[in-house]
Amino acid sequence: MILVTGATGSIGTHLVRLLLDQGAPVRALVRDATKGRALGCDIVVGDFDEPASLAAAMDGVEHLFLNAGGAQPVEGEQPMIRQQKAAIDAARAAGVSRVVKVSVWGARRGGRLAEGAHWEIEEHLKASGLGWSMLRPSGFMQNFITGAAAFTADGRLMDAYGGAGVSYIDCHDIAACAAALLTGSRGLGEAYVLTGPQALTAAEITRELSAALGRAVGHVEVSPDDLAAALRSQGLPARFADDVAELSRNVAAGSLAATTTAVRDLTGRAPRTFAQFLAANAEALRGGLLSPARS
């Protein structure tokens, strides 16, 4: 049995579908029963902060896909650290043999925000005695549909990276890599940096979006300091805003511009281009934050 956490998210929905198509036994840990039933697999309704639900979800599980948990700091704490450590401990207690964890590119001791949080979780997993593999993706292409990428009120993409490129990856490709590791024997003790086929600048992204939507989508450069000020004006903690600004400076210096062969190595095919991603998600794009009615 394979347990998928974060099963109704951008990666998890693709992963469940891929595993079911392969005939693999799949269970999903979900918070919303209605969304969970739509996945078409066995579900357990629960939460990372509910030990009993974690234990129930892990019963009979051999392989765990570890994703999700609180991403934003709450009063200075990263809930994801506590939550994913609890899932790892529950997996060990249940006799799970392998964990495939979604981490982040650049995970390291003392890293800002998710970089530091994922490093701490990775270290806990490595020390657990469980078999493990780490997936460290670049920025998600899905961010340009879900709204995780920042747009102005008039629909322009905010570029806080000074025109630097980012090798964005489709979550479908992350899921495909996870499926390969969860259903095979390779990759134990390995960490994979997952990227798309090329680094794209904000100008290139907006050209692709414009072509897909059939109308012009612009972009505007925003300094990291101005981005931090905007976040603070929205009521977000100053430390969080400053950390986001620092991460933006790192990206502007090229920290997410490289590409790797990991997707092809694990799946046997090239990662999707941004144009292929947009074509595969045309309906969601037309109804998303960039639709004329909302821009």
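Where a number appears in this text, it was derived from the coordinates with a stated rule and is not lab data. Just so it is clear, the model here is predicted, and its values are computed rather than measured. In this analysis, Cβ positions are derived from the backbone assuming ideal geometry, glycine residues included, and neighbour counts consider all displayed protein chains.
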For the chain, modelled as a GNM with alpha-carbon contacts under 10 angstrom, which of Ser138, Ser185, Ser255 fluctuates the most? Ser185
If R0 is 22 Å, what FRET efficiency do you get for Ala275 and Ala150 from their C-beta distance, rounded to 0.05? 0.50
Given the chain, report the % of alpha carbon pairs whose separation exceeds 30 Å. 32 percent
Amide H neighbours of Arg136 under 5 Å, at least 5 residues apart or on other chains, H built in the peptide plane: list them. Ser103, Tyr192, Val193, Leu194
So how do Val45, Val102, Val220 line up by other beta-carbon neighbours within 10 Å, fewest first? Val220, Val45, Val102
The stretch 157-227 - Rg (one decimal) and Dmax (whole number), Cα, Å: 16.6, 47
Is any residue of the stretch 13-49 close enough, with backbone N under 14 Å, to a label point placed 7 angstrom from the Cα of Arg82 along the Cα-Cβ axis, and if so, which? 48-49
Taking only the alpha-carbon atoms of the stretch 96-170, what semi-axes of the equivalent ellipsoid follow from 5 times the gyration tensor eigenvalues under a square root, in whole Å, largest first? 31, 14, 10
In cubic angstrom per residue, the convex hull of the stretch 2-137 built on its Cα atoms measures 100 Å³
Could you give the DSSP H helices of the chain that reach 15 angstrom or more along their long axis (alpha carbon positions) and whose average Kyte-Doolittle hydropathy is no lower than -0.5? 79-94, 171-183, 202-213, 238-252
With the Cα gyration tensor of the stretch 191-251 in hand, convert its eigenvalues to equivalent ellipsoid semi-axes via √(5λ) and list them largest first in whole Å. 26, 19, 10
Kindly identify the stretch 186-295 as rounded, prolate or oblate by the Cα gyration tensor criterion: order the square roots of the eigenvalues as a ≥ b ≥ c, call it rounded if a/c is under 1.5, otherwise compare a/b with b/c, prolate if a/b is larger, else oblate. oblate
Would you give the gap between the C-alpha center of the stretch 120-172 and the C-alpha center of the stretch 174-207, rounded to a whole Å? 11 Å
